[in-house]
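In what follows, a structure is listed as structure tokens, so that the remarks can point back to it.
The values are calculated or read from the model by the stated rules, or taken from the named source; none is laboratory data. All values derive from a computational prediction rather than experimental measurement. Positions of Cβ are generated from backbone atoms using ideal geometry, with glycine treated the same way; all protein chains shown enter the neighbour counts. To get the accessible areas, we keep the full protein, side chains included, count just its heavy atoms, and leave off ligands, DNA and RNA. Shrake-Rupley method; radii C 1.70, N 1.55, O 1.52, S 1.80 Å.
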Amino acid sequence: MTIESDDIAPALVQQHSAGERVGNDWNRGDTAVMNGDASHDQAEEADSKQDGNADADPAEDANEQEVIVIQDTGFTVKIQAPGTEPFDLQVSPQEMVQEIHQVLMDREDTCHRTCFSLQLDGNVLDNFAELKSIEGLQEGSLLKVVEEPYTVREARIHVRHIRDLLKSLDPSDAYNGVDCNSLSFLSVFTDGDLGDTGKRKKKGNELEQIDCTPPEHILPGSKERPLVPLQPQNKDWKPMQCLKVLTMSGWNPPPGNRKMHGDLMYLYIVTVEDRHVSITASTRGFYLNQVQRHPFERIATPFQVYSWTAPQIDHAMDCVRAEDAYTSRLGYEEHIPGQTRDWNEELQTTRELSRKNLPERLLRERAIFKVHSDFAAAAMRGAMAVIDGNVMAINPGEETRMQMFIWNNIFFSLGFDVRDHYRELGGDAAAHAAPTNDLNGVRAYSAVDVEGLYTLGTVVVDYRGYRVTAQSIIPGILEREQEQSVIYGSIDFGKTVVSHPKYLELLEKTSRPLKVQRHAVLNEKDTAVELCSSVECKGIIGNDGRHYILDLLRTFPPDLNYLPVEGEELAPESQKLGFPRQHRHRLACLRQELIEAFVEHRLVPLLVSWMHFNILCNIFTDPKSREVVLNACKAVGSISNTSFDIRFNPDIFSPGVRFSDDSTEDIQKQKQLLKDAAAFLVSCQVPSFVKDCLDHSSLPMDGATMTEGLHQRGINMRYLGTVLEFVDNMPAKAQLEHIYVRKGLFYILKMEFISNFTKTVIKTMHLICLGVELSALSAAVSHFLNCLLSSFLDAVAHLPADELVSRRKNRKRRNRVPGGGDNTAWASLTPSELWKNITSEAQSYYHFNLQCESVDQAVEKYGLQKITLLREISIKTGIQILIKEYNFDSRHKPAFTEEDILNIFPVVKHVNPKASDAFHFFQSGQAKVQQGFLKEGCELISEALNLFNNVYGAMHVEICACLRLLARLNYIMGDHPEALSNQQKAVLMSERVLGIEHPNTIQEYMHLALYCFANGQLSTALKLLYRARYLMLVVCGEDHPEMALLDSNIGLVLHGVMEYDLSLRFLENALAINSKYHGPRSLKVALSHHLVARVYESKAEFRSALQHEKEGYTIYKNQVGEAHEKTKESSEYLKYLTQQAVALQRTMNEIYKNGSNASIMPLKFTAPSMASVLEQLNIINGIIFIPLSQKDLENLKAEVQRRQLMQDSGKIEEQQGGQLELDDKLPVDD
């Protein structure tokens, strides 16, 4: 499309509709999505449903009432902008005037204005005032938009706004990982908004025009795994380019005489017609440019999401990008005139906000989340600048590895053992592990959120092989020595220890939730010093008077399975598995999830038995009961004699820490508690995780979901070898093939390869990191990938032409910036050497014998896919590659070249602040749904969604979960269009915040396809299912239990559109996978047989249909008995098939006997109805509708409430014989 330069403003203003307030398209018309610059302004709540909480638990009533009060006060105002008709805008009293400004800048009819004020009755409103504080502002008030004169600052903001609108269709920022942009491809398959059902074809007309043919590479059995379809392009899409160049003119700044006439700056523009235009920005304003895009595709995500693949993108001129990159903006924000942000002050001030009621808590949590997301983005930029050598060290005379940096009021340090600080704990290995341990400690203390106790803003960044820790700066800490600053804890791992009563008071409040025992250690004078944390935890009072804690790397107790201690023996469960094992550092700690699970494991059985015998009722009057309590407390290791309170001493087995003689008995108890916890991990948690996989309650698809599953059980990644060994020794390992595939663990092995990669290559071989020149980085990465993945055995690295010159220059420089080294050892790496290192690493770190000498052996032995391994490695290390088809199996040339490596991104770990009240409502809603109160549950989930939006803004993974559940509830309650609308948002959000091929995104695609089918959009449903299957093939391959569900969905939809042969291919593949993973006698297999039989019936192949239905009937009969409804249905269907087969045979015999004179009875060839197909889709997706009368529903709810009361009183076990089987009476959501 070509637009003349004179038409830029009017033409493009009419096209822009992406940024307008989403309103009804977002959340029941209640929420405004406000999109702005990279600081991603948050969404505000506008309104909410008023009812639906009557049946909530009493404990929840207060919070729910608070929500209602907040939402009740929402109101509507009228906005009058110059040249437009007044329009209504829904607002909330908690909104600030500035947020209405942002909404107007994003609306289609007002987006061309950026420099204006809002006036009420002639009075200018303060941008930073809350609406509730404005006198006279009420329902129906008219706010006038009044243009203000431009200043240089406002003109610059306006130019940036122009640039954002020009780039709104350009995906380059998403590929480059800039300004929290990320990719989404849903619209390629949906051709726009799915909610616009009125414009779409209905079922009858659509059947004739559907192209059901799937791409060859996603058909069952295909071995092709192309990479290009990962990022599909709409065939009709063309980049809408209006300007070739928009930049600052060389005539800037205006001379004095022109300033007197109002000139602010000059712009230089080149249009697509090569027309060169100079524009003057004056106090009166200028034109702008804008284009159209889906709102959810424009909104910035709270944290940057990177894509591991990208196409080759043309690099265009961009004055704003150039200004951002090469001016000293640091943390300069447009709303903070002329100053950098004081991150520490912002982080701590937000925590000090009042939290007495729900409105205050929402405001506080929103501020905390906003500052944390901004801090994480700034820390990431700073860490990259440090490693790229663009920041001067504060100690430039020191060796490179010992240097520290300050940038944008953030302190940066490298993950090396500076001054042998960690010498006794493992040196550089300990220094590399300490930042993540510290971050886990910061997360834990932040979650406890004790008033008056402060932690530092902390972000850990892995970039180009370096680990960088970014921290906010305690006021005054740089002005004094550390010895003078620390008033609590130790600076030398326990040799000298100090304490402080205020810190003991504050930390005592955290000790119970964190399970930390208060204890005494001896200082250098053999004096006992009280602590309520590990000795490494330091307390510093800043110049601002706040009490800070830092160095929280030992917040959780040590893992004795990886900490051999002379003279100490572990529990038999641990010893039997070969523990303790030597680890590369002595900072191996138990995870918080493990501590919680261990304490629950100890306490729950005792609590149940206590309630059973009613001991709690007379605990204070009956001496025998008190004695029972005392003995029970001793048995579980409680620190109290009257209550169950298990806590851990984090300083046990810490080198250099000494305890007094009179605490010997307590220390022995603590040692035993640690041994029991270590044994619990390997004897209970590892088997529990494997059991979850065995019964398919946990189905990891990739390294990220595998890690998440292990961490939820409190299992550290160093236990991968133990999990492998446990699975290998299980008799039922045939059913564990989604973990244990072809003599090895498929998913765990992939993750293990990645871990080997990062530890062996980045740390040992210095391949992508230390010492590799920037000019050689792409060559180094491509050479490594060739050594790891290519079948070409003679991989030879190509050094840049100026490598030798650079090396000569670098010899003269003693102190080089990080990343400016001269190491070329990576060039001599060979595939055999790399794989030897990988197998060695597997043995030494995981104690697992890999037995692979090349990638081809690994592929053959463990059933791995090279493209899957490439994805895992790229995501883990931040590598971005060119999206094209790679020939991994060629033995004549390497798969990768330098040009295939596009970028290296940072891998960032940070604190994730939570919306606690919203999460509470979400959990309450889930509980209501599980109890059968669907309407009440739906209303609670809707309230949770409002609160999540209030805290997180429009984009967040928890909002995605809310939308998914809302869509499912809408669907169950019969509101299919609303289900479709909510699920479309969930898919878009999952793509944006998790990634386009994340396992959660795949699941969201499947759900959306179901709702599309229910709404009659059959073609779109098939496209979505084909997309989901392709993504799953890339992520984990065809051999996965979830593939059976996906293929069943595809097969059923194809059956519905009468593509029987294609349908059979997918359904028979689903049958094979279900048989493999669930066993041939599983009910899932019986259902698969029935689905295949239905297709054969439609093809009039009754013999095959009978054969499959008999298999299904036999399974039902053996598993649930002849009287069960499923068995009876199968029996009836068998009779029907038999009749049809007999009728067909008679007809054929008649034809053979009488030829053309045969009298033929018409046969019943039943084409599947959409209703029957939808019913089967619901069943396989875990949605079962059972019609109940109103009386049945009331009885059911009464029974659920009775059971809840019984459970609360501890008597549930006595009544288990009479439990109501809810699964047979409620909609089921698996």
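Residue-wise, which Karplus ³J(HN,Hα) couplings in Hz belong to segment 106-122, taking 6.51 cos²θ - 1.76 cosθ + 1.60, θ = phi - 60°, and x for glycine or proline?
9, 6, 4, 8, 10, 5, 7, 10, 10, 10, 7, 10, 9, 10, 10, 6, x
Dipole magnitude of segment 965-1037 about its Cα centre, charges +1 at Lys/Arg Cβ and -1 at Asp/Glu Cβ only, in debye to the nearest 20?
The calculated dipole for segment 965-1037 is roughly 140 debye.
Along the Cα→Cβ direction, 7 angstrom out, place labels at MET402 and ASP666. What is the inter-label distance in nm?
Between MET402 and ASP666, the label points sit 4.0 nm apart.
Say each of ASN127 and ASP794 gets a label point 7 Å from the Cα, pointing the same way as Cα to Cβ; how far apart are those two points in nm?
Here the answer is 6.6 nm between the modelled labels.
Residue by residue through segment 380-395, what is 3J(HN,Hα) from phi via Karplus (6.51 cos²θ - 1.76 cosθ + 1.60, θ = phi - 60°)? Round to whole Hz and write x for glycine and proline.
5, 4, x, 4, 5, 5, 5, 5, 6, x, 9, 10, 6, 5, 7, 10
Apply the Karplus curve 6.51 cos²θ - 1.76 cosθ + 1.60, θ = phi - 60°, to the phi angles in segment 674-689 and return the couplings in whole Hz, x for Gly and Pro.
Couplings: 5, 5, 5, 5, 5, 5, 4, 4, 7, 9, 10, 6, 4, x, 5, 5 Hz.
What FRET efficiency comes out for the pair LYS78/CYS115, r = Cβ-Cβ distance, R0 = 25 Å, nearest 0.05?
0.70
Subtract the Cα-Cα distance of GLU833 and GLU596 from 0.36 nm times their separation in residues, and report this length gain in nm to one decimal.
Answer, rounded to one decimal: 81.1 nm.
Over segment 464-558, how many pairs of lysines fall under 24 Å by alpha carbon, counting only those 8 or more apart in sequence or from different chains?
The result is 8.
Would you mind getting me the FRET efficiency between VAL277 and GLU224? Use the beta-carbon distance for r and R0 = 51 Å, nearest 0.05.
0.55
Sort 392-401, 900-909, 1004-1013, 1028-1037 by packing, meaning the average of other beta carbons within 10 Å per residue, with the highest value first.
Ranked from most to least packed, the peptides come out as 1004-1013, 1028-1037, 900-909, 392-401.
Round to the nearest 0.05 the FRET efficiency obtained for SER890 and GLN857 when R0 = 22 Å and r is the Cβ-Cβ distance.
E(calc), rounded to 0.05, equals 0.80.
Going highest first, how would you order 502-512, 439-449, 79-89 by mean Cβ packing within 10 Å?
439-449, 502-512, 79-89
May I have the pair-distance distribution P(r) for segment 965-1108, computed from all Cα-Cα distances with 10 Å bins from 0 and rounded to whole percent?
Per 10 Å bin, starting at 0, the Cα pair percentages come out as 13, 36, 36, 14, 1.
Return the long-range amide H neighbours of MET404 (sequence gap of 5 or more, or a different chain), with a cut-off of under 5 Å between placed amide H atoms.
Excluding prolines and chain starts, which carry no amide H, the hits are ILE394, ASN395.
Which of the peptides 1106-1115, 552-561 is most tightly packed, and how do the rest follow, going by the mean number of other Cβ atoms within 10 Å of each residue?
The packing order, highest mean first, is 552-561, 1106-1115.
Please express the shape of segment 87-189 as an equivalent ellipsoid: the semi-axes are the square roots of 5 times the eigenvalues of the C-alpha gyration tensor, given largest first in whole angstrom.
Whole-Å semi-axes of the equivalent ellipsoid: 31, 18, 12.
Express the Stokes-Einstein translational diffusion coefficient of segment 384-504 in µm² s⁻¹, to the nearest whole number, given a Kirkwood radius over alpha-carbon pairs, 25 °C and a viscosity of 0.890 mPa s.
154
Where the accessible area of segment 507-548 is counted over protein heavy atoms with a 1.4 Å probe, how much of it, in %, is carbon and sulfur?
Answer for segment 507-548: carbon and sulfur cover 48 percent of the accessible area.
Give the span of segment 379-427's Cα atoms along each principal axis, as three whole-Å numbers ordered largest to smallest.
If we take the Cα atoms of segment 379-427, the spans are 34, 23, 18 Å.
So for the pair ARG153, LEU774, with labels modelled 7 Å out along Cα→Cβ, what separation do we get in nm?
Between ARG153 and LEU774, the label points sit 3.2 nm apart.
I need the shape label for segment 1044-1105. Rule: rounded when a/c is under 1.5, else prolate if a/b > b/c, else oblate, with a, b, c from the alpha carbon gyration tensor.
It is oblate, given that a/c is not under 1.5 and a/b is not larger than b/c.
Does segment 442-508 come out rounded, prolate or oblate, given a ≥ b ≥ c as the square roots of the eigenvalues of its C-alpha gyration tensor, rounded meaning a/c under 1.5 and, failing that, prolate meaning a/b above b/c?
oblate
Let me know the shape class of segment 469-553, please: from the alpha-carbon gyration tensor, a ≥ b ≥ c as square roots of the eigenvalues, rounded when a/c is under 1.5, otherwise prolate if a/b is greater than b/c, or oblate.
oblate
Rg and Dmax of segment 845-951, using alpha carbons, in Å: what are they?
23.5, 65
Using 0.36 nm per residue, how much length does the chain from ASN395 to ILE313 gain when fully extended, once their Cα-Cα distance is taken away?
25.6 nm
For segment 644-722, what is the Kirkwood estimate of the hydrodynamic radius, computed as the reciprocal of the mean inverse distance between distinct Cα atoms, to one decimal in Å?
Every distinct Cα pair counted, the radius reaches 14.9 Å.
Mind jotting down the three principal axis lengths of segment 110-153 based on Cα atoms? Whole angstrom, largest first.
That gives 34, 19, 18 Å along the principal axes, largest extent first.
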